[in-house]
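Input: a single structure, listed below in structure tokens.
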Amino acid sequence: MTIQTDDLLQHDVAPAADDARPLRTDVLIIGAGPVGLFAAFQAGVLGLSCALVEALDEPGGQCIELYPDKPIFDIPALPVCTARELVERLLEQARPFGAPIHLGQRAQTLTRGADGRFTVRTDTGTVFDAASVLIAGGNGAFMPQRLAVERAGALEGHSVHYAVRQVEALRGQRVAIAGGGDSALDWALALRDVAASVTLIHRRDTFRAAPATVEALRGAVARGEIALEVGVIDAVETLPGAHASALAALQVKRRDGEVRLPADQLIVLYGLVASLGPIAEWGLALAGGRAEVDTSSYQTSSPGVFAVGDIATYPNKQKLILSGFHEAALALRAAYRLAKPDQTRTHIHSSYDPRLAATVLGTDMQDGGATRAPGR
Ligand SMILES: Cc1cc2nc3c(=O)[nH]c(=O)nc-3n(C[C@H](O)[C@H](O)[C@H](O)COP(=O)(O)OP(=O)(O)OC[C@H]3O[C@@H](n4cnc5c(N)ncnc54)[C@H](O)[C@@H]3O)c2cc1C
């Protein structure tokens, strides 16, 4: 199933909007997991503008990061689909409403202005101005697990990386890749034609990757295209003087002793950890690291800030995708009143909604005998 959604995905290399020109929207959705994506659709159904911000480089949350190829059996009317397919379907469903998904940035601060609107800043400098904020942050932002050795932090972004963003920048370099999962092996294989040399460093000689990828890696190692170092990085060595942010070599601890491995660039792919991070500092009432909500609207203790999906807690909360969908639908109906205080929302079943038919199908229901559902 291939769905064209690239036009929604925004990999902002510079802040998409700054203090002088914040990105104004009715609803800002924090997190593009399954619940955030469904919320984007619901916002569209209600006629609300919205934008999403996601810490990862792709949408899908736990479904994509933790179990993309596993089957899910409990989504209504979908007897079985993989987690990846569910995300693709959610993107397809939200697509007609065109909400941009700002990837690779974490919502960092949340403040409320005198006019009651919210300013949300991301760690890359994008600024949103929203009538309400809907947090669909799951277990918190997924962040790469960092290399825990002295001076690695100072090299981050210079010669130590946690993702590959520009392949060309690695051309002709001596590249070391740390990790033993799919990402580490995939990048080792992909970079062997670009880099001067590729060394894969993993603590053991077995890998947690797809069998075909492991086989390809072993073949490349046997042919001398990739060097495999079984050990753990325990120190980084930098160039002297003015080049102190440049990597010179890695110290790798092997079973049989220490080895010095010259390298220009290190890519660490140890997997991701979820952390509530800045959301914990936003003054919301929390219980067990989750935001407490009122179940009539899924509003948090801060009026205008809603929490849905795994990040929300209330008596008998079930961490299910289906529960998150329901929560998002109710939260956005409450958010409507904040975005459009002068308007009364009239409920129309989607099957009778001419605006939805025009947006999703491009058809005009007026001539098709569409009638309004009984008012509720
Ligand atoms: C192995 C496994 C199997 C599962 N199987 C099922 C199943 O069969 N059926 C079912 O219903 N559920 C299942 N679940 C649970 C289900 O995946 C979760 O309930 C669901 O993913 C929650 O969706 P969410 O959108 O609330 O959060 P998530 O999927 O966790 O997505 C939250 C997103 O928010 C982002 N984020 C967080 N904070 C910030 C921030 N400050 N700035 C920017 N982005 C941020 C995160 O990076 C993340 O991508 C399963 C879970 C696992 C681990």
| task | Determine whether residue 108 is surrounded by fewer than 22 Cβ atoms within 10 Å (Cβ to Cβ) and either near the ligand (Cβ under 9 Å from one of its atoms) or among the aromatic types (Phe, Trp, Tyr) (or both). | result | yes
| Looking at 286, 330, 276, which is the one that is modelled with pLDDT under 95 and surrounded by 17 or more Cβ atoms within 10 Å (Cβ to Cβ)? | 276
| request: Scan the stretch 307-322 for residues that are out of contact with any helix residue (DSSP H, G or I) (no Cβ under 8 Å at 6 or more places or on another chain) and either farther than 24 Å from residue 90 by Cα or within 8 Å of the ligand (Cβ to nearest atom) (or both) and jot them down. | output: 314, 315, 316, 320, 322
| Of everything in the stretch 48-59 that's within 9 Å of the ligand (Cβ to nearest atom) and outside any loop (DSSP other than H, G, I, E, B), which residue is surrounded by the fewest Cβ atoms within 10 Å (Cβ to Cβ)? | 52
| remark: Those residues of the stretch 60-98 that are exposed (fewer than 13 other Cβ atoms within 10 Å of the Cβ) and in contact with a strand residue (DSSP E or B) (Cβ under 7 Å, 6 or more places away or on another chain) come to a total of 4
| Search result, residues across the stretch 18-47 that are assigned to a loop (DSSP other than H, G, I, E, B), away from the ligand (no atom under 15 Å from the Cβ) and buried (at least 18 other Cβ atoms within 10 Å of the Cβ) | 22
| request: Six or more apart or on different chains, Cβ under 7 Å: which pairs go from a residue in the stretch 279-308 that's more than 16 Å from residue 35 (Cα to Cα) and not assigned by TED's automatic domain parsing to the domain that holds residue 327 to one that's of a type in the set (Val, Ile, Thr) and within 12 Å of the ligand (Cβ to nearest atom)? Could you list them? | output: none
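The values are calculated or read from the model by the stated rules, or taken from the named source; none is laboratory data. On a predicted model such as this, the values are computed, not experimentally measured, just so you know. Neighbour counts run over all protein chains shown; Cβ positions are idealised from the backbone, glycine included.
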